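Take a look at the structure set out below.
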Amino acid sequence: MTDFFTHPVFKSAVADIESLGVQIYLDPKIGAKPYAVVGGRSNARWWLIPLENGRVASSGFAIFQPLLAGARIMKAAASTLSLVGLSRLWTQNKVYIVGEPSLARYFQSGEILAFAYFSGTDSPHRKVTVQIMDGKGGLKGFAKLTRNPQVRMLLAHEAETLERVRTLVLQTAHVPKVLFYGEQGDRTLLVTDTLKTNRTRSTTQLTHSHLAFVTELAEKTAASRQVTVSEEAAKFRARFGRIRMQLDEAWSQDLDAAICALEARTDLQLPSCLSHGDFTPWNTFLSSEGLYVFDWEYAEYALPPSNDIIHFILNQPRVRCQPPIAKIEAVTTWLLQRWASVHKQAIPALLMIYLLTQTLRQIERQPSSNQRSGTWDGAHETALLFEQMLYKN
């Protein structure tokens, strides 16, 4: 099965990786190192796992952090087989890479480095991620790479946000340290260190550590005053006006109705702070040093802290597969039981602010088109939540 090699997303990712000074081939070449190609099941994305030795191959799987039980079992089995020299039992597809990416300069000189790659998921914001390891598989850091001007702005924003968050001196979580950010020719590169190891596991539970982090981030980045829900609605109204012509009629009606619902809540005031923006089980993990939070590219200022909590809950595997009413109940129950400052009457507005934030972000990231659309990643599930909130409650 070599169809992956001609897939547009894979070909684009290969071009990105090769901009680092390597060449990728489908057939063995003199001096080339073999890599296993692991494909995603739900959409176009691939991981390249180095096979040069058992430890490196096993550690290469650290770049692959599945949440579903079946995928976790597959990863554990493949990692164990690699450690004992039996990677051939799970390797179906391979590529061969000649050369080393130009990333060694950002780490201690003299180290023998190894690399694993993630193509990025097919989307307008796709980017390549490189996992940097030493010759024994010890993780040293990560690099994000793009040649897309739109994604370049995201990496610049993430680098800036990480620098700011580190100045907060958080007591409840650790974040990556920026080792390099900049443009090199037609590519943009962001390199960070990491606390991740080959044994790191993401948790699907929203723990006390997660809540403590969100609370501290909210306290240390709080706006000088609370904002009214109607003020938030005004910002959404302006953004909606800029993208309305991109939407089909059903989405235009839903977003307009959601904003109208917020505009009516002149009585409610909310705290406003820095939001991580993509606070999910796969963008956090619990290490021996505490909670580690990464992937800050969608961080956004002036949002209620509930946005991150709601996003985490709705992205838990056990919640994602539930019908809309069950998802809303899961969020409501958690907020009422675990967040003492939240009143039940405020939860519908908090959910609506979250849904509008996520939806407008998804629409704004779509390529410009003359055709009206209502389709993007997660659009159907979000539409069902809007329908439940607006028309069935």
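One table, with the values for the structure above:
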read-out	value
Test: residue in the stretch 268-280 that is more than 24 Å from Leu390 (Cβ to Cβ), surrounded by fewer than 18 Cβ atoms within 10 Å (Cβ to Cβ) and aromatic (Phe, Trp, Tyr)	no
Selection from the stretch 190-218 of residues that are small (Gly, Ala, Ser) and in a loop (DSSP other than H, G, I, E, B)	Ser202
Entirely in the stretch 1-115, the strands (runs of 3 or more DSSP E) that have 2 or more residues that are surrounded by 18 or more Cβ atoms within 10 Å (Cβ to Cβ) and not assigned by TED's automatic domain parsing to the domain that holds Asn315	33-39, 46-50, 94-98
Set Glu289, Glu329: member being surrounded by fewer than 15 Cβ atoms within 10 Å (Cβ to Cβ), of a type in the set (Asp, Glu) and modelled with pLDDT of 95 or more	Glu329
Candidate set from the stretch 165-183 (those that are in contact (Cβ under 8 Å) with a residue 24 or more places away in the chain and not in a strand (DSSP E or B)); member that is nearest to Lys220 (Cα to Cα)	Leu168
Residue within the stretch 185-195 that is small (Gly, Ala, Ser), more than 19 Å from Val342 (Cα to Cα), touching a helix residue (DSSP H, G or I) at 6+ places or on another chain (Cβ under 7 Å) and not assigned by TED's automatic domain parsing to the domain that holds Tyr301 present	no
Qualifying residue in the stretch 219-236 (condition: touching a helix residue (DSSP H, G or I) at 6+ places or on another chain (Cβ under 8 Å), part of a helix (DSSP H, G or I), farther than 30 Å from Asp134 by Cα and among the basic types (Lys, Arg))	no
Which numbered condition Val169 fails, given (1) surrounded by fewer than 15 Cβ atoms within 10 Å (Cβ to Cβ); (2) not assigned by TED's automatic domain parsing to the domain that holds Asp122	(2)
Filter result for the condition that a residue is under 19 Å from Met352 (Cβ atoms), free of Cβ contacts under 8 Å to residues at least 24 places away in the same chain, outside the structural domain of Leu154 (by TED's automatic domain parsing) and acidic (Asp, Glu), over Glu231, Glu263, Glu300	Glu231
Test for Thr266: is it under 30 Å from Ala76 (Cβ atoms) and part of a loop (DSSP other than H, G, I, E, B)	no
Per-region count, the stretch 266-312, residues among the β-branched types (Val, Ile, Thr) and closer than 28 Å to Ala143 by Cα	4
Residues located in the stretch 176-212, provided they are touching a His at 6+ places or on another chain (Cβ under 9 Å) and surrounded by 16 or more Cβ atoms within 10 Å (Cβ to Cβ)	Leu195
Residues being surrounded by fewer than 21 Cβ atoms within 10 Å (Cβ to Cβ) and of a type in the set (S, T, N, Q) - total across the stretch 116-140	3
Test: residue in the stretch 241-261 that is under 14 Å from Phe213 (Cβ atoms) and outside any helix (DSSP H, G or I)	no
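Results for (1) small (Gly, Ala, Ser); (2) under 28 Å from His380 (Cβ atoms); (3) at pLDDT 95 or above, shown as yes or no for each residue.
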| residue | (1), (2), (3) |
| --- | --- |
| Asp278 | no, yes, yes |
| Pro281 | no, yes, no |
| Cys321 | no, yes, no |
| Gln345 | no, no, no |
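Residues are listed down the side, and each one gets a yes or a no for (1) more than 30 Å from Phe4 (Cα to Cα); (2) of a type in the set (Val, Ile, Thr):
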residue: Gln131; (1), (2): no, no
residue: Gln150; (1), (2): no, no
residue: Glu160; (1), (2): yes, no
residue: Thr203; (1), (2): yes, yes
residue: Ala223; (1), (2): yes, no
residue: Gln226; (1), (2): yes, no
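The values are calculated or read from the model by the stated rules, or taken from the named source; none is laboratory data. All of these numbers come straight from a predicted model, not from anything done at the bench. Note that we place each Cβ from the backbone using ideal geometry, even for glycine, and neighbour counts take in every protein chain shown.
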